[in-house]
Each structure stands twice: as C-alpha cells, then as structure tokens.
Amino acid sequence: MKQGVFAGLTALMVIVAAPAGAQVSNQGGPVQVGADQVHSDQNTHTMYLDGRVEMLQDNARLRADHAQILYAEGGGDIQHMEAMGNIYYVTTDAQGQQTIIKGDNAVYNKSDDTMVVTGDVVLQQGQSVMSGNRLTSQVQKGINTLDANPTQTGKGRVKMVLYPAKDGKPTAPTPPAH
C-alpha cells in the first residue's frame, strides 16, 4: 500500500500503523513518527502513540495529543485509527496550495473509507475558511459534509469565509484529494 489510504482530511486518519504500509500523505514514502511514548500490542494489532504525537510524510504533517491505530495482522494496512486532542493536519498540493484541518478528535475507518473529525473543526484552504462541529469525509468518493451541532436538530450553523479564485468564482475549502 504505497499510495495514501485517505484523501484529504483523510490525511489525518491514515497515518502510522506498523512499519510497513503507514501513510500520512497521498504521495507515499517513508513516515517519520515522534511521540513521548509508543506502545505496540502485537496480540491485538494495535499501536498507541501518546504525548506530542507528530507524523510527517512527504508534503503532509499530522499532530495530535494521542493516537490509537488498529492495523492488519502482520503489520501493514491501517484498519482503524483514532487521533485525540488538538488535531492539526496540513498538506500542500502540487500548486503550493496549503490545506489545514483542525479539530478535537478524528476517526478513520478503512472498511467504509470514512473519516470523521469532531469538536471545533476548522478547514482552511488558502484564505478561505470553514468551521463547524463535525466534518465527515467519504475519502475515495470525495464527498464531504461539515455540520454544526449535528446532534441537536436545528441548532448551530456552519460558518464560511470564501475568497474568490482568480476566475472570480468563490471556492470553498475541501479536504485534499486522493
């Protein structure tokens, strides 16, 4: 699995599982991981990263307070990942456009290729910014939904500040594509 498991926000989710098959960037390549403590349980195929977690790969960086990764037997594909506390993901596309995703928690599930970021979610691309409480991304399909207070019907609003592209059309920030 040399290509990124996730697309944009996804970036957050598909990070380090086991030494082989880890992905933070859709560009692939080696992954540099740092944390105050790392614990791996080969019996449950789980890796725990605790304290100042940082993962770097090619043009992508993920930071969180903690992460828990469930990987396939034999170490490889990420099956499920949770990043908790002060989520910060940044990537730069080929045109130099930076996408930043911030939130409180993020969960990626390979089985349905879905990533969900919750808490105070901010998605920024260039000068354009969107904020809400839950970002749901169907990674490969490129379908993304940003909600405000999704558990309370009719409460809250998604907020956006959109800056027009050079062609004059406003562009909403979107998670990086796969």
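Quick one: would you say residue 116 is in contact with a Leu (Cβ under 9 Å, 6 or more places away or on another chain), part of a strand (DSSP E or B) and surrounded by fewer than 19 Cβ atoms within 10 Å (Cβ to Cβ)? Against the criterion (in contact with a Leu (Cβ under 9 Å, 6 or more places away or on another chain), part of a strand (DSSP E or B) and surrounded by fewer than 19 Cβ atoms within 10 Å (Cβ to Cβ)), residue 116 does not qualify. If only residues of the range 57-105 that are touching a Lys or Arg at 6+ places or on another chain (Cβ under 8 Å) and among the aromatic types (Phe, Trp, Tyr) are counted, the one that is farthest from residue 125 (Cα to Cα) is 88. Please indicate, with yes or no, whether at least one residue in the range 94-113 is assigned to a loop (DSSP other than H, G, I, E, B), in contact (Cβ under 8 Å) with a residue 40 or more places away in the chain, under 23 Å from residue 44 (Cα atoms) and not charged (D, E, K, R). No; the residues of the range 94-113 include none that is assigned to a loop (DSSP other than H, G, I, E, B), in contact (Cβ under 8 Å) with a residue 40 or more places away in the chain, under 23 Å from residue 44 (Cα atoms) and not charged (D, E, K, R). Inspect all residues belonging to the range 37-52 and state whether any of them is modelled with pLDDT under 85, crowded, with 19+ Cβ neighbours inside 10 Å and not hydroxyl-bearing (Ser, Thr, Tyr). So far as the range 37-52 goes, no, none of its residues is modelled with pLDDT under 85, crowded, with 19+ Cβ neighbours inside 10 Å and not hydroxyl-bearing (Ser, Thr, Tyr). Find all pairs meeting these conditions: Cβ atoms under 6 angstrom apart; at least six residues apart or on different chains; first residue within the range 129-158 and surrounded by fewer than 16 Cβ atoms within 10 Å (Cβ to Cβ); second residue part of a loop (DSSP other than H, G, I, E, B) and among the aliphatic types (A, V, I, L, M). Qualifying pairs under 6 Å: 148/158; 156/148; 157/148. Please verify whether residue 65 is touching a residue at least 24 places away in the same chain (Cβ under 8 Å), of a type in the set (D, E, K, R) and in contact with a strand residue (DSSP E or B) (Cβ under 8 Å, 6 or more places away or on another chain), treating the condition exactly as stated. Against the criterion (touching a residue at least 24 places away in the same chain (Cβ under 8 Å), of a type in the set (D, E, K, R) and in contact with a strand residue (DSSP E or B) (Cβ under 8 Å, 6 or more places away or on another chain)), residue 65 does not qualify.
The values are calculated or read from the model by the stated rules, or taken from the named source; none is laboratory data. Quantities reported herein were computed from a predicted structural model and do not represent experimental measurements. Ideal geometry is used to build each Cβ from the backbone, glycine not excepted, and the neighbour counts take in all protein chains shown.
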